[in-house]
1. Given +1 on the Cβ of Lys and Arg, -1 on the Cβ of Asp and Glu, and no further charges, what dipole in debye does region 6-102 carry about its Cα centre, rounded to the nearest 20?
2. Expected output is a single nm value to one decimal: the length gained when fully extending between Asn8 and Asp73, i.e. 0.36 nm times separation in residues minus the C-alpha distance. What is it?
3. Per-residue ellipticity at 222 nm for the chain, helices alone: DSSP H runs ≥ 4 residues times -39500 (n - 2.57), over residue total, nearest 500 deg cm²/dmol?
4. Once the piece of chain linking Ser199 and Arg296 is laid out straight, how much longer is it, given 0.36 nm per residue of separation minus the C-alpha distance between them?
5. Taking the Cα-to-Cβ direction at Thr56 and at Asp136 and moving 7 Å from each Cα, how far apart do the two end points lie in nm?
6. Using a basic spin-label model with each label point 7 Å from the Cα along Cα→Cβ, how many nm lie between Glu283 and His39?
7. With axes computed from alpha carbons, what is the tilt in degrees of helix 215-225 against the longest principal axis of the chain, rounded to the nearest 10 within 0 to 90?
8. Please go through region 152-190 and write out the GluC sites (Glu not before Pro) that DSSP classes as loop and that have at most 12 other C-beta atoms within 10 Å.
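No lab work stands behind these numbers, since they all come straight from the coordinates. Everything quoted here is computed from the prediction, not taken from an experiment. Reconstructed Cβ throughout: ideal geometry from the backbone, glycine too, with neighbour counts over all protein chains shown.
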Amino acid sequence: MDGGIVTNRRFRFAPSPNGRLHLGHAYSALLNRQLAVTHAGDLLLRIEDIDTVRCTPFFETAIGQDLAWLGIDWSGRVRRQSEHFDFYRTVLDGLGDRNLLYPCFCTRGDVARAITTFPAAAAGGGRGAGWPTDPDGSPLYPGTCRRLTDAERRRLREEGRPYVLRLDMATALAVARRPLHWMEYREGSEPRRVDADPSAWGDAVLCRKDIPASYHVAVVADDELQRITDIVRGADLLAATSLHRLLQELLKFGAPAYHHHALVLGADGLKLSKSRNSPTLAELRRNGTTPEDVKRFVGLSGNG
Ligand code: GLU
């Protein structure tokens, strides 16, 4: 490149090696590949394995085999997130230095107790009933640790109490340029502007107790580092994009275009998943399914 401006479109397929890939992953990978080819862009492969307990080298190898079987190749070296915790730490420090993060020592039990004693929750009936949840279905954090003094934080740290780092959403929204939005692309229709609603996530956890990062931080940091221009991923991550846009804004990162594709559903009409024993690509392959069959099934036949 020799310092020239990079203008080509960059896509990425970013699976987590915590199980075998199924048809939903195949669709996402094939669609990324098809769009990269259509736009004469690059497709990168990123292994999202920050959860070093659930993710294993065995599943990472299996991802390589499945993609090879589908005929999908990628540009450059594979990026493995578990090798870059220092980088995510630096990104988190950038937010922490601006007082956008605070340590939270609450356990799940502490959160459950805090929301059941809240008057609005009590009015709603049962334990925590009526308390708002984030788009993943977890109760919004009631803010207990946001109100700790510096001295209390120091004491709890010195006691060795484990903690997560949460985004101070109210402060972050005040600092960010608003309103936030992104461009959403869909085949066959005009790109549309979607307004982001990061507040739906409340004080989101950006650094976990067991893992020195979170999906949200690692994905946003890597998309910037890898100069991804087009994020093509399942509609199940649509809500997360609101939080990602806020982080991109706070960190002065670029704003990629998004394409949240429909999910491949099973015969029961539910999203395919490891926990529901959806057939894996490896099983389909063993039973005689061909890559062409897979492409036909997901509606991407004849597109390379
Ligand atoms: N690693 C995520 C997954 O396997 C995908 C993340 C993304 O595409 O942003 O569901």
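1. The calculation lands at about 260 debye.
2. Working: separation 65, 0.36 × 65 = 23.40 nm, distance 1.73 nm.
That works out to 21.7 nm of additional length.
3. Numbers: 11 runs with 110 residues, N = 304.
It comes out at -10500 deg cm²/dmol, rounded to the nearest 500.
4. Full extension of this stretch gives 31.0 nm more.
5. Rounded to a tenth, the inter-label distance reads 2.3 nm.
6. Going by the 7 Å Cα→Cβ label model, 3.4 nm.
7. Taking Cα atoms only, the helix is inclined about 60 degrees.
8. Working: sites: Glu152, Glu158, Glu159, Glu184, Glu187; in loops: Glu159, Glu187.
Sites meeting the loop and neighbour criteria: Glu159, Glu187.
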